[in-house]
Amino acid sequence: MRTLLLYVYMLSVLFLRICIALYKLASCCEYRTVASMFGVGKTTVHRYVYMFSKALCRKKNEYIKWYSSEEAKTIAQLSQRKYKYPQAIGAIDGSHIPINAPLDGKADYLCRKGYPSIVLQAVVDTHIKFRDVYANTAGAAHDATVFYRSPLSKLIATNMPQGDITINDTVIPLHILGDPAYPLSAKIMKGFVGTNLNPADDSFNVYLSSARMCVEIAFGRLKSRWRMLQKRMDLETKASPRIITACCILHNMCEDLKVPLPATNQLEEANAMLYPQPAAEHYDRVDERHAYQMRAAIRDFLAETEPLRKSFHR
């Protein structure tokens, strides 16, 4: 009997710890507010959040998985049926997570929006699930710089899913969609840059933007469910990447379980339009001729098979 009671007690303590950590992550409440609600000390809440996020991050590879080739082909087909754009397996973008920056080197954390942050770089698929996340770069860094510093740059160079097709005599591999901040390559496709684009180029940009909206939606859902990411996190800077990664894991769990969004859902694309990341044309490499051929082939394919669309700025 004592063993059973001890087992029940241990389960209740574990359940309480998880509830406290989840409540803190899902709210904008300060530590002392959460502590008062659950009848524990502020330091206890702090410790439970750290323990919970650390335990989740150990399981990262089980919940945030890179594509297999067969899975990538299925996602590309789904994306084409939905958005008309071929061979896209997901989209990449960065989102700024507000933090308390350290006094030493604070300027490195000030993002273009004017507050200290850490950049969350993520690849998101059509199912609005994270496929890769990286949250270890100070907010002042350009998205292209974050990409080259992250393990993702090596991952897509060595382990990109295979599934080429041919469009207009041009081989089109499976690839990820990015905004102008990212380098153009055969692995990352971005739109044409400029304001006086011809109708075909402009239409290509619209189709690409529609297909890559999944990453903006994912950021919006992430911050709506885990509202701790919306305000400046009251914890040490070095702990922020682990908390952010834990929230991304929880996001994928919620998407798998079809958990409804909070009523106050706000999509990330509004901020993206107000504070666009500068283009990274200087990162483009001359030897990536195939990427330019790919973009032209997909542009011509869309112009031939789908109605021309216009962007709002024209």
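If you plug the beta carbon distance of Y63 and S27 into 1/(1 + (r/R0)^6) with R0 = 30 Å, you get a FRET efficiency near 0.85.
Return an integer: the convex hull volume of the alpha-carbon atoms of the chain, in Å³ per residue. Each step should come with its number before you reach the end.
On the way: hull volume 49.9 nm³, N = 314.
Convex hull volume per residue, Cα atoms: 159 Å³.
Seen from every direction in turn and averaged, the convex hull around the alpha carbons of segment 113-152 projects onto 3.2 nm².
Taking every Cα-Cα distance in segment 11-112 and sorting them into 5 Å bins starting at zero, the pair-distance distribution P(r) comes out as 2, 10, 13, 12, 12, 13, 12, 11, 9, 5, 1 percent.
Distance between the pseudo-spin-label points of Y148 and N198 (7 Å out from Cα toward the beta carbon): 3.2 nm. Positive end of the dipole of the chain (Cβ unit charges, origin at the Cα centre): among Q230, L208, M37, the Cα lying farthest that way belongs to M37.
Filter the chain for me: DSSP H helices, axial length by Cα at least 27 angstrom, mean Kyte-Doolittle hydropathy not below 1.0. List them by residue number. Can you show the working numbers first?
On the way: long enough: 2-26 (36 Å, 1.61).
Passing helices, by number: 2-26.
Taking amide H as placed 1.01 Å from N in the peptide plane, D132 has its amide H under 5 Å from the amide H of V123, each at least 5 places away in sequence or on another chain.
So between E71 and I18, what do we pick up on full extension, going 0.36 nm a residue minus the alpha carbon distance?
Values: separation 53, 0.36 × 53 = 19.08 nm, distance 3.26 nm.
Stretched out fully, the E71 to I18 stretch lengthens by 15.8 nm.
In the chain, the DSSP-assigned H stretches of four residues or longer account for a calculated mean residue ellipticity at 222 nm of -15000 deg cm²/dmol, using -39500 (n - 2.57) per stretch and the full residue count as denominator.
The label point for K84 and the one for D104, both projected 7 Å from the Cα toward the Cβ, are 5.6 nm apart.
Using alpha carbons only, the radius of gyration of segment 153-242 set against its Kirkwood radius gives Rg/Rh = 1.08. For segment 86-196, the spread of Cα coordinates along the three principal axes comes to 55, 36, 24 Å, biggest extent given first. Packing, as the average of other Cβ atoms within 10 Å across residues, places the peptides 208-215, 91-98, 141-148 in the order 91-98, 208-215, 141-148, highest first.
Read the figures in this text as sums done on the coordinates, not as results from a lab. Just so you know, these numbers come straight off a predicted model, no measurement behind them. Note: ideal-geometry Cβ built from the backbone for every residue, glycine included; neighbour counts use all protein chains shown.
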